[in-house]
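Here, each number is a calculation from the coordinates, and none is a lab measurement. If you're wondering where the values come from, they're calculated on a predicted model, not measured in any experiment. In this analysis, Cβ positions are derived from the backbone assuming ideal geometry, glycine residues included, and neighbour counts consider all displayed protein chains.
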Amino acid sequence: MPVQKILLVDDSKTELHYLSDVLEKRGYTVRLAHNGDEAMKRLGEETPDLILMDVVMPGLNGFQLTRAITRDPRFANVPVIMCTSKSQETDKVWGLRQGARDYIVKPVDPNELVSKIQAFG
C-alpha cells in the first residue's frame, strides 16, 4: 500500500513548513506535531502511513518517542524515518536501534526524502 498520510514531528516551525511544503507538493497528506505529546495525540486521532521524526525536541526527544511508538502494538507497522541534524554515525545507529526504519540528515534533499518514503510504499 503506498504511503499517503505522513505525520511530521519537529519542534522547528521552519522545518515543519519546509518539509510539509515538499511533501504536499508531491501529493502526500501531512499532519504536523510540534513535540512528542502532540505527536502521541495525533496518533490517537489517526494512524499515519509513515512518521518523519526529528530528534532534538523539548520533552520526549525523537529517540524516546520512536522507541515508544514502534513498541506500541497499535503503531508497530508504521515506519519511522528519523529526520534530524544529528549526523554522527552513532546517532544513526541509535535511531535505528530505537525502531526507526531509516535515517535522513538535515538539510533534507527533497528527492532523497521522497525516494526514502516511496521505498515503504
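Descriptive notes on the structure:
- By the beta-carbon count within 10 Å of each Cβ, the least crowded to most crowded order of MET57, MET1, fewest first, is MET1, MET57.
- For the set LYS25/LYS86; LYS5/LYS25; LYS13/LYS106; LYS92/LYS116, the pairs lying more than 20 angstrom apart at their alpha carbons are LYS25/LYS86.
- Rounded to whole Hz, the Karplus (6.51, -1.76, 1.60) HN-Hα couplings of the stretch 105-110, x for glycine and proline: 9, 6, x, 7, 7, x
- Label zone at HIS17 (point 7 Å along Cα-to-Cβ), backbone N below 17 Å, the stretch 95-110: 108
- In order along the stretch 43-59, the Karplus-derived 3J(HN,Hα) couplings, from 6.51 cos²θ - 1.76 cosθ + 1.60 at θ = phi - 60°, round to 5, x, 7, 7, 7, x, 7, 7, 10, 9, 10, 6, 9, 7, 8, x, x Hz, and Gly and Pro are given as x.
- Extension gain, ARG97 back to GLN4 (0.36 nm per residue minus Cα-Cα distance, nm): 30.9 nm
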